[in-house]
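J.: I have a structure here, written as structure tokens, and I will follow up with some questions on it.
Only the coordinates and a few stated rules stand behind these numbers; no lab work does. This is a predicted model, so every value here is computed, not measured. Quick reminder, even Gly has a Cβ in these numbers, built from the backbone with ideal geometry, and neighbours come from all protein chains shown.
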């Protein structure tokens, strides 16, 4: 059986003035295979995690029925179009370790991917390596960037850390080691340059100067792009055009945000490149994730929609009051309604990412087919700060290893860590245990095999 060589290398890049442009997977990068070999070929699986803070109104989140008969509650309703590619997971617990009291918010975000509770200390850093970084150690061997850690709120904002606990515990969900928390990046310009080229300076003024001198990275490689197109099939040309248009759109939105940041005098300084509205910011960050996955720059991305104890307000949906105080609703009907609105709003933004993944071709499927993504929070009921039965979704096809369209309710006292071990296995990486794991969940439940 003869396999012809790839006509275009998977690592082909286009080069401009000080920048490189990674390319998405094109048909011309795939060896000519027989039908049998194509069936046997294994798609690349990616990992993602999107974290939301301050718990949920569980009555508006958790479906009552199990299996395929479940119905979406109001908070999750915007994900209905993607029903067949998501699993609702319940009865998974994120219980703090004995001997490490307090810090419900610090523990929630730290344990979400590490399954380890932090100690009560404002100076000691001690958690555990997170799931994303376990995967990044292996998957990063094949990509330019091992992982990306993203956020919407600045990680250096003061006055929002859990009492008695060091700030990294509430500021990130990614840990390279027990003593190395990875800070999140919330500036789209910084992320864009990490993916496609660097200005050579961290000074915002230098970035703006480069931007004005060279409005687009695409402008600096017009000739090379034109030459490259002549080597492509009609189908690949179409893919390349769509990809370049997506990059151009992201650049345009970042540039617009930078122009606005020059004109405005906000009470709190925002780095250049951050859009003026929360929704624009979130969607731009999601679009950058799609580009990073599409070009195989990285296969591991985490993002915090908000930090634990987030005081974000959402007047755009009729909730002008601070998120964290609202989450302590104490049965107040108005606060309960507001919290449910926030939960539903976050899901609606996440559905934008899911749609973008579904609309982006990847090999013989889409990025949504070839990703394993967690969405959820380390706290269940926000008022009681319960770590039991945390809200959790598993989205994507996992490169053929996950079958959606169901609500899976696990047995009593099942640690979240058991799910983590199973997901790690699906990436071909094996660890004996993580955090408080007591075993693995049955991966046949996830794949229906």
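J.: How much length would be gained if the chain were fully extended between residue 11 and residue 449, taking 0.36 nm per residue of separation minus their Cα-Cα distance, in nm to one decimal?
T.: Extending this stretch completely gives an extra 154.2 nm.
J.: Turning to a different aspect of this structure: Distance between the C-alpha centers of segment 427-448 and segment 37-108? Whole Å please.
T.: Going from one Cα centre to the other spans 16 Å.
J.: Could you give the length gained on full extension between residue 177 and residue 97, defined as 0.36 nm per residue of separation minus the Cα-Cα distance, in nm?
T.: Gain in length upon complete extension: 27.0 nm.
J.: Also: Extending each Cα 7 Å along its Cβ direction at residue 279 and residue 125, get the distance between those two points in nm, one decimal.
T.: Inter-label distance under the simple model: 3.7 nm.
J.: Listing 190, 429 from the residue with the fewest other Cβ atoms within 10 Å to the one with the most, what is the order?
T.: With the fewest neighbours first, 190, 429 line up as 429, 190.
J.: How do 180-188, 394-402 rank on mean C-beta neighbours within 10 Å, highest first?
T.: 394-402, 180-188
J.: While we're looking at this one, here's another question. What is the fewest-to-most order of 221, 97, 303 by other Cβ atoms lying within 10 Å of their Cβ?
T.: Ranked by crowding around the Cβ, least crowded first: 97, 221, 303.
J.: Could you list 256, 239 in order of exposure, starting from the residue whose Cβ has the fewest other Cβ atoms within 10 Å?
T.: Lowest to highest Cβ neighbour count: 256, 239.
J.: Moving on. Based on DSSP, what percent of beta bridges with both residues in the chain are antiparallel, to the nearest 5?
T.: 45
J.: Continuing with the same structure: Nearest 500 deg cm²/dmol is fine: what mean residue ellipticity at 222 nm does the chain get from its DSSP H runs of n ≥ 4 alone, each adding -39,500 (n - 2.57), divided by its residue count?
T.: Result for the chain, helices only: -10500 deg cm²/dmol.
J.: Same structure, new question: May I ask you to derive the FRET efficiency for residue 330 and residue 163 from their Cβ-Cβ distance with R0 = 22 Å, giving the value to the nearest 0.05?
T.: That pair, residue 330 with residue 163, gives E of 0.70.
J.: Taking 0.36 nm per intervening residue step and subtracting the Cα-Cα distance, what contour gain separates residue 223 from residue 348 on full extension?
T.: Gain on extension, residue 223 to residue 348, equals 41.0 nm.
J.: Follow-up question, since we're still on this one. Can you tell me the order of 228-238, 113-123 when each peptide is scored by its average per-residue count of other Cβ atoms within 10 angstrom, highest first?
T.: 113-123, 228-238
J.: Rg and Dmax of segment 83-152, using alpha carbons, in Å: what are they?
T.: 15.2, 45
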